[in-house]
Amino acid sequence: TAPAAATRTMYLDKDGKPVENASTVGPLAAGVPGSPAGLWELHRKLGKLPWKDVVAPARKLAVGGFPVDRHLHDLLGKEETRKLLLRFPETAKIWYPGGAPPAIGTVLRLPELAATLGRYAEHGPEGVTKGAGAQAVEAASKRHGGILTAADLAAYQPVWREPLLLDAFGWKLASMPLPSSGGIIMGQILGMLERLDWTKLPRFGADRDHLLAES
């Protein structure tokens, strides 16, 4: 769901030309967060454990932290990652304390995330989409030129949809229907590979990889 203030020209400059990265980086790239209400609805209909127990592991990890391994350290050291995350003080504060990636073995704790998850565990989606958390999201969005508001978060409603069902290679797959394009694209790719007898080609062979890449 787009923010209520979204317009069809929001990614264009005054001359009608696309603004580079406006639709992919920064506050204008963000739709209204649906996960808080979506996960809650999924649990309400199909869950077995108490809601607080479902949220507890994520909150525990945010409180206690996790050690920075070499993979994360190297990723944060890449120029394209640095350029992206240092662009905003909120992400720079977490991932580049003191201006550099945390050293390998450093325990990275996320107390603000832990507090948010605590409200989520206690109050469900309203712990995130209303009150201080929602106001903080709106303030951060406005600070960087965004249009997302606390009212957008509060108004979000999850919707149950029929999945797109696919048959391929003896499997039945369930994926996202329109307007998401991923399920249809996956079905097209698998359909092509089936017709080309992809599974009969040698595993890890060049011919098999070539067909997968082309499809």
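The values are calculated or read from the model by the stated rules, or taken from the named source; none is laboratory data. Fair warning: this is a prediction, and the values are worked out from it, not measured in the lab. All Cβ positions, even for glycine, are placed from backbone atoms using ideal geometry, and neighbour counts span all protein chains on display. For the accessible areas, the whole protein counts, side chains as well, though only heavy atoms, and no ligand, DNA or RNA atoms are used. Shrake-Rupley method; radii C 1.70, N 1.55, O 1.52, S 1.80 Å.
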Quote to one decimal, in nm, the extra length available between A4 and T81 on full extension: 0.36 nm per residue of separation minus the C-alpha distance between them. 24.7 nm
Which distance in nm do the two modelled labels at D207 and A151 give, with both placed 7 Å along the Cα-to-Cβ direction? 6.3 nm
Tell me, how many Å apart are the Cα centres for segment 17-67 and for segment 130-149? 16 Å
For the chain, what does the relative contact order come out to in percent, with C-alpha contacts under 8 Å and a separation of six or more? 21 percent
Between L49 and Q188, what is the label-point separation in nm under the 7 Å Cα-to-beta-carbon projection? 3.9 nm
Full extension between E122 and V159 adds, at 0.36 nm per residue less the Cα distance, a length in nm of 11.0 nm
Might you tell me the accessible area per residue for segment 132-215, computed with a 1.4 Å probe and given in Å²? 71 Å²
With Cα springs under 10 Å, the Gaussian network model of the chain assigns the largest mean-square fluctuation among P97, P202, P18 to P202
With Cβ to Cβ distances under 15 Å as the rule, what net charge do the other residues near T199 carry (K, R +1; D, E -1)? -1
Taking 7 Å along the Cα-to-C-beta vector as the label spot, tell me the R70-W171 distance in nanometres, rounded to one decimal. 3.1 nm
So what is the calculated 222 nm ellipticity per residue for the chain, using -39500 (n - 2.57) for each DSSP H run with n of 4 or more, over all residues, to the nearest 500 deg cm²/dmol? -14500 deg cm²/dmol
Charge tally in the Cβ shell below 12 Å around A174, where Lys, Arg are +1 and Asp, Glu are -1, A174 excluded: 0
Mind sorting out which of (i) 21.6, 57; (ii) 15.9, 49; (iii) 19.1, 57 is the real Rg and Dmax of the Cα atoms in Å computed from the coordinates? (i)
Compute, for E112, the solvent-accessible surface of its heavy atoms (probe 1.4 Å) with the complete set of protein chains present, and express it in square angstrom to the nearest 10. 130 Å²
For the V63, T24 Cβ pair and Förster radius 35 Å, calculated FRET efficiency rounded to 0.05 is 0.65
Between T106 and A136, what length in nm is gained on full extension when 0.36 nm per residue of separation is reduced by their alpha carbon distance? 8.0 nm
For segment 187-203 and segment 88-113, what is the centre-to-centre distance using only Cα atoms, to the nearest Å? 44 Å
Sequence of L166, L42 from largest to smallest accessible area, 1.4 Å probe: L42, L166
